1. Output the residues belonging to region 139-158 that are closer than 27 Å to LEU70 by Cβ and crowded, with 20+ Cβ neighbours inside 10 Å.
2. How do the pairs read when you match residues in region 126-137 that are on the phi > 0 side of the Ramachandran plot with residues anywhere that are assigned to a strand (DSSP E or B), using Cβ under 7 Å and keeping only pairs 6 or more apart or on different chains?
3. Out of ALA16, ALA110, report the one residue that is modelled with pLDDT under 90 and of a type in the set (A, V, I, L, M, F, W, C).
4. Does region 190-205 contain at least one residue that is over 15 Å from ARG99 (Cα atoms), more than 15 Å from the chain's Cα centre (by Cα), at pLDDT below 95 and not in a helix (DSSP H, G or I)?
5. If SER136 meets every condition in (1) assigned to a loop (DSSP other than H, G, I, E, B); (2) surrounded by fewer than 16 Cβ atoms within 10 Å (Cβ to Cβ); (3) polar (S, T, N, Q) apart from one, which number is that one?
6. Take the residues in region 159-189 that are of a type in the set (Gly, Ala, Ser) and surrounded by 14 or more Cβ atoms within 10 Å (Cβ to Cβ); name whichever of them is modelled with the highest pLDDT.
7. Taking only region 139-181 into account, find how many residues are out of contact with any helix residue (DSSP H, G or I) (no Cβ under 6 Å at 6 or more places or on another chain) and in a helix (DSSP H, G or I).
8. Go through (1) surrounded by 15 or more Cβ atoms within 10 Å (Cβ to Cβ); (2) touching a Gly at 6+ places or on another chain (Cβ under 6 Å); (3) among the small types (Gly, Ala, Ser) and name the single condition ALA116 misses.
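The values are calculated or read from the model by the stated rules, or taken from the named source; none is laboratory data. What you see is a predicted model; the values in this text were computed from it and never measured. FYI the Cβ positions are ideal-geometry reconstructions off the backbone, even for glycines, and counts take in every protein chain you see.
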Amino acid sequence: MARYTGPVCRLCRREAVKLYLKGERCFGPKCPVEKGAGPPGGRSLMRRKPTEYALQLREKQKARRVYGVLERQFRRYYHKATRARGVTGEYLLQLLERRLDNVVYRLGLASSRREARQLVRHGHFLVNGRAVNIPSYLVEEGDVVAVHPRSRTSPRLKGLLEAAATRNVPAWLELSLQQAQGRVLRFPEREEIDIPVEERMIIERYSR
């Protein structure tokens, strides 16, 4: 499966905002955005007012990079959102939040979505008692996401479970550290999705 394998700090520098792609490093002083590093490249970007198209593109790229989704898959999420009832932009973000790798990250069982994707691909999680190794799997209300029994003795998973005790779990999820599992109570509301994007501009971008 295709995925971005380059340096993720470049992506945050390009968007000039923290996308929290590298776990604990993003919260420390080594974060390039904290240091005030400019966009990547051999020369600085021209200081001119960005066009409406450029602003829409940047919002779309931020959303894609936060969730680790490539263009073709992101476009499929958009088309699915256009067929749903309600506000298209909000439903688009809700679809992205329902991805299994994102749910694992939100539960605190991975330090970043990138790590969550890798853990899911390696078969470390169960959904309703069934092994699922597809990061894009969409969870439903009532689904239980649990660490695989054979993975609970892994030093990395044990460390993540200990660290999860200090993480804030969103209200639409419920975490049980004793059982090493989380439950999807409901789908997230827009105000509970804290990624720095304007979904309205993404919809305008694809509606052209």
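1. VAL139, VAL145
2. Qualifying pairs under 7 Å: ASN128/VAL144.
3. Numbers: ALA110 fails: modelled with pLDDT under 90.
Result: ALA16 is the single residue among ALA16, ALA110 that is modelled with pLDDT under 90 and of a type in the set (A, V, I, L, M, F, W, C).
4. Yes - at least one qualifying residue is present in region 190-205.
5. Only one criterion is unmet by SER136, namely (2).
6. If we filter region 159-189 for residues that are of a type in the set (Gly, Ala, Ser), which is where we start, we get 159, 163-165, 171, 176, 180, 182.
Filter once more, so that each one left must be surrounded by 14 or more Cβ atoms within 10 Å (Cβ to Cβ): 163-164, 180, 182.
Working: ALA163: 89, ALA164: 88, ALA180: 94, GLY182: 97.
Among them, the one singled out is GLY182.
7. 11
8. Unmet condition: (2).
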